[in-house]
1. For the range 4-14, what does the Karplus curve 6.51 cos²θ - 1.76 cosθ + 1.60, with θ = phi - 60°, yield as ³J(HN,Hα) per residue in whole Hz, taken in order and with x for Gly and Pro?
2. Once all Cα-Cα distances of the chain are split into 5 Å bins that start at 0, what whole-number percent is in each one?
3. What does the helix-only formula give at 222 nm for the chain: each DSSP H stretch with n ≥ 4 adding -39500 (n - 2.57), the total divided by the residues, and the result rounded to the nearest 500 deg cm²/dmol?
4. In the chain, if the dipole is taken from +1 on Lys/Arg beta carbons and -1 on Asp/Glu beta carbons about the Cα centre, which of M78, N36, L12 is farthest to the positive end?
5. Going down the table (K59/K80; K3/K23; K35/K80; K44/K80; K44/K72; K55/K80), which pairs top 31 Å between alpha carbons?
6. Rounded to whole Hz and in sequence order, give me ³J(HN,Hα) for the range 66-73 from the Karplus expression 6.51 cos²θ - 1.76 cosθ + 1.60, θ = phi - 60°, writing x for Gly and Pro.
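Taken together, the values in this text are just the output of simple stated rules run on the coordinates, not laboratory data. This is a predicted model, so every value here is computed, not measured. So basically every Cβ, Gly included, is an ideal-geometry build from the backbone, and we count neighbours across all protein chains shown.
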Amino acid sequence: MAKLNAASKSGLLNQMQLEFQEKVKQKIMRPVPVKNLSKATENKTRIYDSTYVQKDDIKTKNGIIIVKGGTKINPLEMMKIRSLGQNQDQER
């Protein structure tokens, strides 16, 4: 306990915590590559339509219709996507 208190008073403990946080951030941003997974040789874009048709009415317990049967719903249009991530690979 004395060593911990001394490290805290000298600022060493804080420095060690900051170094640890930086190592964790680096590990998150640059994870260990997956074995047997090669880099992409070309960029591809795929379009995905998440729209579905609600088969039956959706009602509250009081019988009020929230969504009418036959309504097309795309959940991606109803929510905000904050971030799709960033590509950290600078070698492309």
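1. Ordered by residue, 3J(HN,Hα) equals 5, 5, 5, 5, 5, 5, 7, x, 5, 4, 4 Hz.
2. Taking all Cα pairs of the chain, the binned fractions are 2, 9, 8, 11, 9, 9, 9, 7, 9, 9, 7, 5, 4, 2, 0 percent.
3. Numbers: 3 runs with 31 residues, N = 92.
So the calculated ellipticity at 222 nm is -10000 deg cm²/dmol.
4. It is L12.
5. Details: K59/K80 25 Å; K3/K23 23 Å; K35/K80 34 Å; K44/K80 24 Å; K44/K72 28 Å; K55/K80 25 Å.
In this structure, K35/K80 lie more than 31 Å apart at Cα.
6. 8, 10, 7, x, x, 6, 8, 10
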